[in-house]
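Okay, structure first, notes after.
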Amino acid sequence: MASSSRIKPFEIDGDSARLPSEWETWKYDLEAFFLAQGIVSQRQKRAQLAYLGGPGLQGLLRHLPGVNQVPHVSADPPFYDVAIQCLDNYFEPYRRKAYERHAFHQIKQKDGENFTHFVMRLRKQIARCDYAPRSVDELIADRIALGCASEELRRKLLQKDRSLEEIMALGTSMAGSTQQSMWIGTTPKINHELGVSAIHKQRTMKPYDRNTRRPQAPTKPYGNYSNQSRAPAFPRDNPYQRQPDICYSCGLPGHTRSSYECPARGAICVSCGGKGHWAKACTRRNYNRYPTRNPGQNTKRIQAVKDEENNEHRQHYAFYAMGRNVFVFKVGGIDVPMTIDSGADCNIISHDVWLQMKEADVDAVDVRTGTDRPIMGYASSEPMKVVGTFKTEVSAGDRRSFAKFYVVEGGQQCLLGDWTAKDLQVLKVGFDVGMVKHGASKPFPKLRGIVAQIPIDKEVQPVQQPYRRPPIALEEKIKHKLESLLEQDIIEPVKGPSAWVSPMVPVIKDSGEIRLCIDMRQANQAVRRETHPLPLIDDLLGSVSGAMRFSKLDIKDAYHQIEISVESRAITTFITKYGLFRYKRLMFGVCSAPEVFQKIMETLVAGLVGVIVYLDDVIVYGRSCEEHDRNLAALLKRFSEYDVLLNVSKCVYNVEALEVLGHELSTKGIRPTESRIAAIQQFREPQNASELRSFIGLI
């Protein structure tokens, strides 16, 4: 009977912190085995427990106190029940709620993992955490939002609060539609031998109207092809034939990267400096890099391309000198890595990339072979070999432009020219390339697709507080500040009476400007706090062990970038000389604001590596310069997707030491800052027990 069991012997010498949960799982399998085999006798169950449990469990069954003290009160004494009770008591002290809860909050959806299986893993782990039953569903819902692999699902979950049942239905539905789309669509081929990033079709071109800057259906067929939906290939004798086995180290067919026949074994890549592959097969060559220098520092000339019919050729310089200025744009609906070239007067696509775009059914119009004008490369006396041209839509985020592209024979990379880059607002002369936002904008930007809720306890009686008159000298500044907040869409006037009214308190900054604060002490009694905890310094800094490079991004007026729902705005109403106003954005003074903001930011950066969030400070770290740059690029891309505005003057990039929350992070480890140490050393000695407790609390 035991031979038919798939139950493995129980290992009692494993991780002690996991023993209680592993014992519960093993015991569940054992009970299922008894049920399937029809074993009901206590004596038989006890024998199977010892036999299937293995040597470790057998030793416990021989020596545990009370394991053999079985009362003979019936024809079938409880041999099995007594043994199980003794084993439960033995494993219980190993149970660590903190460990199990930590494990729960680390769960993320794996690549290719089914959404339902991901939720089941969460349910299985939270059962070991001993949380209050009323908070289990909410914690699982939060973990789904933080750990799900789908950015689209995460965006939807941030838009409004949903129950766990609603999240399950939404996630299952989206997973099913994604799977169906994968079956319906086709996967494009990748030319590994040319070292070109994979190109995927993700969008269908729409008709173009010059008023809306979108492509319109052509009045005549593409090129000379009247009955074909795909753009024609330009004539070329391609010496590279696609082979079933392509080496990922050298890009040549006929062997694999682990073969001794590979000519790139031991070679040094001139693109990334790595060993064992050639530059044309390098998978790290197209990582986005973001600058850490200001314009004018370490400038260098980049590949300038000019049109010979253009009599005026400007000599351009790049303000970006570290790494390749490569970004992914949608060209005709296809993701194409392109270099932003401020010295190029036209857009260049290499012939190799064009062939892959054609295979992916690129949407293009006015496709022609040859060219009506020569294109000159920088520092070259011979024109480039242009094999054709086409026109299509190119987009970066939500910005689009309709442009002409020249297909060049033998091109090493694709270039986005000066005019198209400026039209897409990805090239601004005089500003750092890669800044998330430039300057102040009106209205003040808000995170895309995110609306926060401030839960209100309806049982608390609303309070209408009277107007507090500020000093006369500040009235003009208060007026200008209110006008600025209105113009930036941060506050709005209140029409009619309001149940909640709080007084305004102006605070003078060191710069002489004022900050409008709202006395929310009465209103906060009705605000229901979030259950999301703020991270501790040990939690934040423990993960940066071994890091060598750091960056710190400061979110400008962070709370004001979070829009609050209409039903949450009434409690923020405040009274001024000019009437009642209320906030449309999250504000200082609301007692739940830190938890709300922290939860949103953790959800926003979920899935990113080497990123730590503490309210409006975002730390990026890496164990090498390449890893740091990669992590920073991914974070800035995520911030760009959500329209996060950074305070550039307070951002610090790519440094070896960084001050965070009174601690200094560096390549030497983590230590308190000198100012904190000096403050403690200069503090007078406590004189009594009360002062001693206060002193200990301060440090």
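The values are calculated or read from the model by the stated rules, or taken from the named source; none is laboratory data. Everything numeric here is computed off the predicted structure, so don't read it as measured data. Heads up, the Cβs are rebuilt from the backbone with ideal geometry, glycines too, and the neighbour counts pull from every protein chain shown.
Among the residues making up region 560-581, those that are under 16 Å from Leu486 (Cα atoms) and of a type in the set (D, E, K, R) are Glu563, Arg569, Lys577. The condition of being surrounded by 15 or more Cβ atoms within 10 Å (Cβ to Cβ) and touching a residue at least 60 places away in the same chain (Cβ under 8 Å) holds for only one of Arg121, Arg101, Arg128, that being Arg128.
Every listed requirement among (1) modelled with pLDDT of 85 or more; (2) in a loop (DSSP other than H, G, I, E, B) is met by Met322 save one, (1).
Conditions tested, residue by residue: (1) modelled with pLDDT under 85; (2) surrounded by 18 or more Cβ atoms within 10 Å (Cβ to Cβ); (3) touching a Pro at 6+ places or on another chain (Cβ under 8 Å); (4) part of a helix (DSSP H, G or I).
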| position | (1), (2), (3), (4) |
| --- | --- |
| Glu24 | yes, no, no, yes |
| Leu52 | no, yes, yes, yes |
| Leu61 | yes, no, no, yes |
| Gln69 | yes, no, no, no |
| Val73 | yes, no, no, no |
| Pro77 | yes, no, yes, no |
| Asp88 | yes, no, no, yes |
| Pro93 | yes, no, no, yes |
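Criterion applied to Ile555, Ile571, Ile562 was being surrounded by 17 or more Cβ atoms within 10 Å (Cβ to Cβ), more than 20 Å from the chain's Cα centre (by Cα) and in the same structural domain as Arg469 (by TED's automatic domain parsing), and the one residue passing it is Ile571. Among the residues of region 469-511, those identified as in a loop (DSSP other than H, G, I, E, B) and either loosely packed, with under 13 Cβ neighbours inside 10 Å or within 36 Å of the chain's Cα centre (by Cα) (or both) are Arg469, Pro471, Gln488, Asp489, Ile490, Lys495, Gly496, Pro497, Ala499, Lys509, Asp510, Ser511. Taken together, the criteria exclude Pro455 from residues that are in contact with a Gly (Cβ under 7 Å, 6 or more places away or on another chain), surrounded by 11 or more Cβ atoms within 10 Å (Cβ to Cβ) and touching a residue at least 40 places away in the same chain (Cβ under 8 Å). Gly147: among the small types (Gly, Ala, Ser) and modelled with pLDDT of 85 or more, yes or no? Yes: the conditions hold for Gly147. For region 136-150, check the following and say yes or no: at least one residue is out of contact with any His (no Cβ under 6 Å at 6 or more places or on another chain) and surrounded by fewer than 13 Cβ atoms within 10 Å (Cβ to Cβ). No, there is no match, as no residue in region 136-150 is out of contact with any His (no Cβ under 6 Å at 6 or more places or on another chain) and surrounded by fewer than 13 Cβ atoms within 10 Å (Cβ to Cβ). Restrict the check to region 569-585 and report whether at least one residue is in contact with a Cys (Cβ under 6 Å, 6 or more places away or on another chain) and either of a type in the set (A, V, I, L, M) or under 22 Å from Arg521 (Cβ atoms) (or both). Taking every residue of region 569-585 in turn, none turns out to be in contact with a Cys (Cβ under 6 Å, 6 or more places away or on another chain) and either of a type in the set (A, V, I, L, M) or under 22 Å from Arg521 (Cβ atoms) (or both). On the given criteria, is Glu31 free of Cβ contacts under 8 Å to residues at least 40 places away in the same chain and part of a helix (DSSP H, G or I)? So Glu31 fits the description; yes.
Does Ala634 count as small (Gly, Ala, Ser) and more than 19 Å from the chain's Cα centre (by Cα)?
Taking the combined requirement at face value, the residue does not satisfy it.
The numbered conditions (1) under 30 Å from Ala634 (Cα atoms); (2) modelled with pLDDT of 85 or more are all true for Asp366 except (1).
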